[in-house]
Structure formats: C-alpha cells, structure tokens
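Encoded as structure tokens, the structure appears first; notes follow it.
The values are calculated or read from the model by the stated rules, or taken from the named source; none is laboratory data. Fair warning: this is a prediction, and the values are worked out from it, not measured in the lab. We place every Cβ from the backbone using ideal geometry, glycine too, and count neighbours over all the protein chains shown. Accessible surface areas use protein heavy atoms only, side chains included; no ligands, DNA or RNA. Shrake-Rupley method; radii C 1.70, N 1.55, O 1.52, S 1.80 Å.
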Amino acid sequence: MRRNLARYGAAMCMTMLYGCNLFAPVDPLPPAFSTIEVVDIKRNEITVSGIIQKPDSKNDRQEKKSGEIMEYGLVYGTTQVLSVESGKVIKLGTTATLPLTIQNQKISGLVANTQYYVAIYARNEGGGMAYSQSVNVKTTDQPGIFTSKVSIKVPVSGGSFYDLDEGKVVAKGDAQADVTMDLFTISGRGTVLGIAVADGVVSKNMGIVDFNSLTYLQLLNTMDYRPDGISLLMNATTANTVIAFKTKGGRYGKWRIESLTGTDLTMSLVSFEN
C-alpha cells in the first residue's frame, strides 16, 4: 500500500512539474545563421552566399513566440562593427520560409582595393534583429578581362561595324557597334584605316607602345580621350599602333592594329570588366 502511494505521489509531482513547464513563460529567439561565404571578388563588386536557419526552439510555444521572418538582407561597410543603423543595407525581402538560402547576391558600387566587412541580417516577429558572423574581403585593384583577342583577322570592306566590348564584327545598325572601320587610299601616301566612333565612345592613339604592358590603371588614368575617331596610315612605321578606348558600355580597353593584307586587318584587343 505504501509503495503504491509513493508511486502515486511521484506521478502527481511529475504531472504538476509538466503542467508548470507547459504554462511557464518562454523567451522568443532571434533568427539563426549558417556561415556566410564569399563567392566572388571584383574591383567594384563582391558576391556572397549564406543561409538563414530556424532558431533552435525548445518547444512549439517558443517557436510560435519567435514568429516569422519580417525582414532580411545584407549589411556591409568598411568597419568591423556592422549594424543596419550605421552600415549600408541591401534589403532582400520582407517575409521568408526558413531555412532560406541567399545565393550569389552581388554587392556593387564598391571602391577598388578596399577592405569590406559583410554580414547577413534578419528580423523576426518576436526575437528582434540578429546578424550572421561577418566576413572580411578586399576588392581587387583592377578588374578582370572581359574579352581577349590575339592577332585575329577582321575583314574591312565598305565599312565594318565593330563591337569593342565583345571584340567582334556586328551588322550595320547594331546598337552594340562602338566603331566603324573603313579603308581608303590617299594618292602618293598609301592606304588609310579610318576609325569612326559611335556616340558615347572615346579613344586615343597611344602610338607604338608595349601592348602587353599597358595596364588597366594606365588606361583609366589617361586623361585626353577624344570622341573624334582616328585615321591611321597603314605601313611598316605604324604597324602595332595601340589605341586606348572606352566603350558605350563603360569598359576600358586596348586595341593593337598590327597589319593589313588586302582588306583583312590583323589586330589584338583586350577589354576589361566594368
């Protein structure tokens, strides 16, 4: 009899304890994160990915009190301490189902050769604002190569329209055409390559310089680009003339005029990413 009473008493205590825990107040939890990672680094752009996780709730009541995601995005700046109040913010959404993957999100308009700190932020209904662990990354000093052409032959006959961004001949009237190339003869002098530029394109005849050693920063710092186009007498003296340019798309590049055989122009070209 006493043993049964003891068992009954223990059961009653456990029931009361469970009841107390059931109705005891619970604290909401902030959002949780996996590690943010850097996917790509450019001169003026960083690409990151990451995951916003569900908080580790102890029960359904705590999960409900924490609530749904109300806002999430990226915060970044040049100091280690990041907050949405003082940093630069890219708001990615207002509601989300967790877990949520942020994949290949670009942060543009950055300064070259500069150290940045980036974190994911999220705010839910009950737990307030939370931040992932930040990553630090330094933007590159110069951009990567967008297009590279080495000693290719381009037909120049009756006017050829050329896209300097992509390094290719395009049709007349194509909006991507940056220059028009044509050949004409000056009596007693020889064949001239006439290069007319489209609106928004500027160029400069750099003369006979080392094409491979001409850097993006040198192109960027060249001050006297002009929108007038270039005429180049094609002979041994002018072979391997280098033209610096900036396209309608805003890309800087370098263009080497190597030789002319008939109406085939041999040239090399490099255009850089924005």
**OP:** Being at pLDDT 95 or above and of a type in the set (Val, Ile, Thr) is the filter here, so list the residues in region 216-237 that pass it.
**Re:** 230
Original post:
Limited to region 168-215, what total is found for residues that are among the hydroxyl-bearing types (Ser, Thr, Tyr) and closer than 20 Å to residue 270 by Cβ?
Top reply: 3
Subject >> Failed criterion for residue 200 (all others in (1) of a type outside the set (D, E, K, R); (2) at pLDDT 95 or above; (3) open to solvent by less than 50 Å² (accessible area, probe 1.4 Å) hold) >> reply: (3)
Subject >> Close pairs (6 angstrom Cβ cut-off, 6 or more residues apart or separate chains): at positive phi in region 192-209, of a type in the set (S, T, N, Q) and open to solvent by less than 50 Å² (accessible area, probe 1.4 Å) anywhere >> reply: none
Original post:
Is there a residue being in a strand (DSSP E or B), farther than 30 Å from residue 44 by Cα and open to solvent by 30 Å² or more (accessible area, probe 1.4 Å) anywhere in region 163-178?
Top reply: no
Subject >> Given (1) within 14 Å of residue 256 (Cα to Cα); (2) free of Cβ contacts under 8 Å to residues at least 40 places away in the same chain; (3) of a type outside the set (Ser, Thr, Tyr); (4) open to solvent by 80 Å² or more (accessible area, probe 1.4 Å), number of the condition residue 153 does not satisfy >> reply: (2)
